[in-house]
Amino acid sequence: MVMARALIVFDMDGVLVEVTESYRETIRRTVEHFTGKPVTCDMIQAYKNAGGWNNDWALSQRMAADLGVDLEYQTVVDHFQKLFLGNGSDGMILREKWIGGEGLFERLSHSFDLAIYTGRPRYEAGLTLNRFAPSVIFDPYMTADDVLRGKPHPEGLEKIRRQRPGQPIWYIGDTVDDARCARAAGVPFLGVASQAHSTRAELLALFQAENAVAVLDDINQLEAFFANR
């Protein structure tokens, strides 16, 4: 019997794209702007590790509240987006770096179908994909605009599975919300945690608790992982 080609579904932030200087820095600057108090990357990661904070606008609002400043959600969104998108030439989004090595996705596409499920809005996801990987076909391409309930709810992966009935699916993510989304959808999960990650040990334990099949340093290890299965 011929096995169906598997579908690899990628999260974007921290998986396809390094976002320490883009989304994470925008969270930091947004919260500091409204509270006047210092915010560190480890503080942000602690919320991410707790789960339920896939939405960076909501996270910024919550962090500000925990630091003593209650804000309207739209006020946070407006300031965040001003920093993140800028005027087209100075936004934090331009600090992003593509993680996949040259030719990685072309090689993977020989054996796998490729897809995306990200918590980004479609417009912002498109800006980054068009910049770094305009020729790579990700289908389905699922964003925050395509679901009513974001991660860790499994809606996004369930919609992908309905579009690809019977096809084996893998989900690749870097947060506990990604892992919980995959587990709830009944999809095998591969975690990503770089050796330099400040809370790597905690993240590894969280992934293990959510039944991750394996944890990679980054997606450039995917070929070796699948070659050994």
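The numbers here are math on the coordinates, done by the rules we state, and not lab data. Computed from a prediction, not measured in an experiment: that's the story for all the values here. Glycine also receives a Cβ, built like all others from the backbone with ideal geometry; neighbour counts cover every protein chain displayed.
In a simple Cβ point-charge model (Lys, Arg +1; Asp, Glu -1; nothing else charged), the chain has a dipole of about 460 debye relative to its Cα centre. What is the Cα radius of gyration of the range 20-94 over 2.2 N^0.38 Å, N being its residue count? Taking N as the residue count of the range 20-94, the ratio is 1.02. The slack in the chain from A50 to W98, taken as 0.36 nm per residue of separation less the alpha-carbon distance, amounts to 14.7 nm.
When peptides 84-97, 25-38 are sorted by average Cβ neighbour count within 10 Å, with the highest value leading, the order is 25-38, 84-97.
Listed peptides 118-128, 171-181, 10-20, 214-224 appear in the order 171-181, 10-20, 118-128, 214-224 once ranked by packing, highest mean of other Cβ atoms within 10 Å at the front. Expressed as a whole percent, how much of the Cα-Cα distance distribution for the range 174-229 exceeds 19 Å? Every Cα pair in the range 174-229 considered, those over 19 Å come to 26 percent. For Y123 and T75, the FRET efficiency from 1/(1 + (r/R0)^6), where r spans their Cβ atoms and R0 equals 22 Å, is about 0.60. In straight-distance terms, cross-link reach from K151 covers every one of the lysines whose alpha-carbon lies under 21 Å from its own, apart from those fewer than eight places away in the same chain; here that gives K48, K159.
Between K37 and S194, the simple label model (points 7 Å from Cα in the Cβ direction) yields a spacing of 2.8 nm. Protection proxy ranking, highest mean first, for peptides 151-164, 67-80: 151-164, 67-80, where packing is the per-residue count of other beta-carbon atoms within 10 Å, averaged.
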